[in-house]
Amino acid sequence: MNQELLSILDKLPKQPGVYQYFDHNHRLLYIGKAKNLFNRVRSYFSLSPTLQAKATLSRRIFKMVTEIQAIEYIIVESEHDALILENSLIKQLNPKYNVLLRDDKTYPYFVIDKSQPYPRIEITRELQHDKYHDYFGPFSVGARDIYDSIYELLPLVQKKNCVEGKKACLYHQINKCLAPCEGKISTIDYQKILMKALNFIKDKNQLTKALEEKMLAYAEDLRFEEAKVLRDRIATIERSKLSTPIDLASSENYDIFAISSTPNRSLLVKLFMREGKLISSNTTTFKTAEDVDSSTLYNRSIIDYYLSHEIIMPDEILIYEAIEEKAELESLLSEHAGKKVIITNPKRGDKLKLVTLAYHNAKEQMDKELQQDIESDLLIEVQKLFKLQELPYRIEVFDNSHLQGVASVGAMITYENGAFEKKSYRHYHLSSVNEYEQMRETLQKRIEAFDKLSPPDLWLLDGGKALLNLAQELLNHAGIYIDVLAISKEKVDAKAHRAKGKAKDIVTNSQEAFKLPSSDKRLQLLQKLRDEAHRFAITFHKKSKQKLDKESQLLSLEGIGPAKVQKLLNYFGSFENIKKASLEELRSIMNDKDAKLIKNFYN
């Protein structure tokens with residue numbers, strides 16, 4: 001270890017802050033927080049007889065300290081600020097030795113605006129902390145199906161602007177609304193219907209029973225398509241149910257955390273209990289090192305979830321294992337929520353049963369994932385062959401698509417733990433016309449979103465050395481290190497050829513090129529990922545092109561200008577919904593002549 005490092009250690013301030021360790025290539029190794037930078041950073045080192053890693057460190061941290069060649073730090077006002085900054089930087093910069101959770105999902109809530117005389121139930125991910133809005137959730141699974149079911153079963157106000165219209169619309173004619181806009185139902189009677197809807201949200205058994213009755217009624221009327229929709233909806237809601245023998249008082253609201261770990265992987269289960277009922281759950285898998293202690297995992301999980309998402313904080317968080325720095329974490333969460341928040345590691349009673357239930361769910365899910373590790377073994381082979389810094393548990397794959405510069409789009413698909421993770425797929429509208437600049441635009445958009453969806457272990461590009469160099473340039477500029485591979489298409493008569501088994505050239509970070517036979521399993525895996533990105537890009541391109549074509553055709557109709565097209569889109573949401581609209585629905589927002597013109601156009 002160098003003299004410059006010793007000099008930095010001597011000059012560290014005794015203030016709260018965040019510190020960063022770098023290796024000889026100035027790649028980021030680790031980000032940590034400290035209430036006293038001087039004491040915390042020096043605790044990793046023995047200063048005599050020479051500067052070296054402290055012998056009492058764990059094996060992983062000892063190895064990290066031996067790689068440190070530079071230290072940087074940021075001074076902040078308080079320990080709370082250090083916690084928040086540490087969390088933000090880890091998510092964006094993906095240091096080699098930090099535990100990185102990729103729980104980037106935001107969960108929807110149901111919300112009621114009590115300031116309205118006839119409030120609707122809506123789904124939202126944006127929370128307004130005022131006295132007018134009541135929230136129910138979060139719901140990690142089935143929120144849309146519950147929402148659609150409520151409006152299928154109950155005559156609530158169907159659209160935001162219905163009451164403002166002062167005139168009953170089509171929804172009243174088909175018995176889906178009781179026309180409060182014309183005063184045909186009192187606010188007291190409407191509240192009774194609204195309370196029934198809230199009971200459906202709180203008790204999914206009531207909801208599925210009502211849906212089953214409606215489904216049977218549809219079937220008896222030979223309305224089989226509508227019955228099938230309800231059957232599928234019931235199945236989704238049933239899958240989202242959580243059964244537990246624990247019967248709590250109706251006032252209990254808890255978030256419950258439990259983690260199951262193996263030497264290189266951990267699985268977090270979150271259960272959400274509201275008014276004594278388990279309403280939803282969520283599972284997140286993340287990679288860890290064998291000597292990472294459980295306290296670190298719970299701390300990172302809790303900080304990441306509550307500080308990175310719009311959350312209604314419960315009064316109490318239950319965790320399966322005890323953690324260090326509990327008081328500090330409670331203080332941070334309480335300050336963030338504007339109310340007292342308690343973290344409890346229960347030892348007896350119903351709370352212990354709840355955390356044990358969560359842990360058993362985590363353990364069972366981990367066992368299932370371990371059964372799916374055959375492809376993970378292949379990922380180990382990929383890491384060895386291409387000399388990747390990280391085992392590529394999570395891979396992002398990029399492709400672009402356009403037609404002579406028209407409807408240019410970029411696409412990113414995600415592969416994690418041996419499966420395509422479609423909820424993390426992303427597509428981008430692009431302005432560039434050539435493929436090189438399109439890829440630059442796509443990758444830059446992805447880098448700008450690292451604070452919302454953390455960096456992966458590996459980027460795979462559909463292209464050659466030029467695109468690989470481009471990716472490295474953009475990542476270096478952002479101060480982030482990610483392994484990058486580029487898989488180029490075989491040239492046939494000087495043209496790129498994407499047939500299966502034909503893409504044999506793979507370029508790595510070190511500019512080393514590999515020509516693998518078509519039978520190589522590692523090549524086949526990367527081809528499968530590239531082909532999925534290509535499929536996703538082509539599909540989105542076709543949709544974008546069709547939308548442009550349809551818009552241009554609508555605008556060509558006499559009397560239908562841009563303003564009317566925008567009015568249609570604002571009301572129906574998409575060209576596909578305009579196409580499906582009945583003549584009566586079209587007449588509800590435009591004159592009879594225009595409605596017939598548009599209906600005839602689509603027919």
Worksheet item: With charges set only on the Cβ (+1 for Lys and Arg, -1 for Asp and Glu), what does the dipole of the chain come to about its Cα centre, in debye to the nearest 20?
Response: 1140
Worksheet item: How large is ³J(HN,Hα) for each residue in segment 39-55, as worked out from phi by the Karplus curve 6.51 cos²θ - 1.76 cosθ + 1.60 (θ = phi - 60°), to whole Hz, x for Gly and Pro?
Response: 5, 5, 5, 5, 5, 7, 10, 9, 9, 9, x, 9, 6, 7, 5, 5, 5
Item to complete: Work out from phi, with θ = phi - 60° and the Karplus expression 6.51 cos²θ - 1.76 cosθ + 1.60, the ³J(HN,Hα) of each residue of segment 520-525, listed in order in whole Hz, and give x for Gly and Pro.
Response: 5, 5, 5, 5, 4, 4
Worksheet item: If the limit is 31 Å between Cα atoms, which of LYS114/LYS580; LYS192/LYS277; LYS114/LYS599 go over it?
Response: LYS114/LYS580; LYS114/LYS599
Response to the item:
Projected onto the charge dipole of segment 4-124 (unit charges on the beta-carbon of Lys, Arg, Asp and Glu, signs +1, +1, -1, -1), the Cα from TYR30, PRO108, GLN15 with the largest positive-side position is that of TYR30
Item to complete: Quick one: order TYR425, TYR359 from most to least accessible surface, probe 1.4 Å.
Response: TYR359, TYR425
Item to complete: Please work out which option in [x] -0.74, -0.91; [y] -0.93, -1.11; [z] -1.03, -1.11 gives log10 I(q)/I(0) by the Debye sum over Cα atoms at q = 0.09, 0.10 Å⁻¹ calculated from these coordinates, and answer with its label.
Response: [y]
Worksheet item: For the peptides 454-467, 341-354, 431-444, what is the packing order when you average, over each peptide's residues, the other Cβ atoms within 10 Å and list the highest mean first?
Response: 454-467, 431-444, 341-354
Discussion item. Can you classify segment 239-350 as rounded, prolate or oblate using the Cα gyration tensor, where a ≥ b ≥ c are the square roots of its eigenvalues, rounded means a/c under 1.5, and otherwise it's prolate if a/b beats b/c and oblate if not?
Written reply: oblate
Discussion item. Filter LYS176/LYS214; LYS422/LYS543; LYS445/LYS528 down to the pairs with a C-alpha to C-alpha distance above 20 Å, please.
Written reply: LYS445/LYS528
Worksheet item: Taking Rh as the Kirkwood radius, which is the inverse of the mean 1/r over Cα pairs, what is the Rg/Rh value for segment 75-196?
Response: 1.19
Discussion item. Looking at the chain only, what percent of DSSP beta bridges run antiparallel? Nearest 5 please.
Written reply: 80
Discussion item. What does DSSP give for segment 251-370 in terms of the percent of beta bridges that are antiparallel, rounded to the nearest 5?
Written reply: 75
Worksheet item: What percent antiparallel are the DSSP beta bridges of segment 193-320, to the nearest 5?
Response: 85
Worksheet entry | Hypothetical label at ASP350: residues of segment 295-319 whose amide nitrogen lies under 18 Å (7 Å Cα-Cβ projection) | 314-319
Worksheet, complete the sentence: Expressed as a whole-number percentage, the relative contact order of the chain with C-alpha contacts under 8 angstrom and at least six residues apart is 9
Worksheet item: What is the set of long-range amide H partners of LEU278 at a cut-off below 5 Å, with H atoms built 1.01 Å from backbone N?
Response: none
Discussion item. In the chain, if the dipole is taken from +1 on Lys/Arg beta carbons and -1 on Asp/Glu beta carbons about the Cα centre, which of ILE237, ASN282, VAL157 is farthest to the positive end?
Written reply: VAL157
Practice prompt. Determine, for each peptide in 126-135, 312-321, the mean count of other beta carbons within 10 angstrom over its residues, then list the peptides with the highest first.
Written response: 312-321, 126-135
Worksheet item: What are the semi-axes of the equivalent ellipsoid for segment 156-295, taken as the square roots of 5 times the Cα gyration tensor eigenvalues, largest first, in whole Å?
Response: 41, 20, 16
Response to the item:
Note to self: C-alpha centroids of segment 431-494 and segment 122-188 sit apart, in Å, by 44
Discussion item. Can you tell me, using C-alpha contacts under 8 Å and at least 6 residues apart, the relative contact order of segment 1-122 as a whole percent?
Written reply: 29
Worksheet item: Per-residue HN-Hα couplings for segment 251-266, Karplus 6.51 cos²θ - 1.76 cosθ + 1.60 at θ = phi - 60°, whole Hz, x for Gly and Pro?
Response: 8, 7, 10, 9, 9, 10, 10, 8, 10, 10, 10, 10, x, 10, 7, 10
Worksheet item: Per residue of the chain, what 222 nm ellipticity follows from adding -39500 (n - 2.57) for every DSSP H run with n ≥ 4, rounded to the nearest 500?
Response: -14000 deg cm²/dmol
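The values are calculated or read from the model by the stated rules, or taken from the named source; none is laboratory data. None of the values given here were measured: they were computed from a predicted structure. Heads up, the Cβs are rebuilt from the backbone with ideal geometry, glycines too, and the neighbour counts pull from every protein chain shown. Protein only, heavy atoms only, side chains kept; ligands, DNA and RNA dropped before computing areas. Shrake-Rupley method; radii C 1.70, N 1.55, O 1.52, S 1.80 Å.
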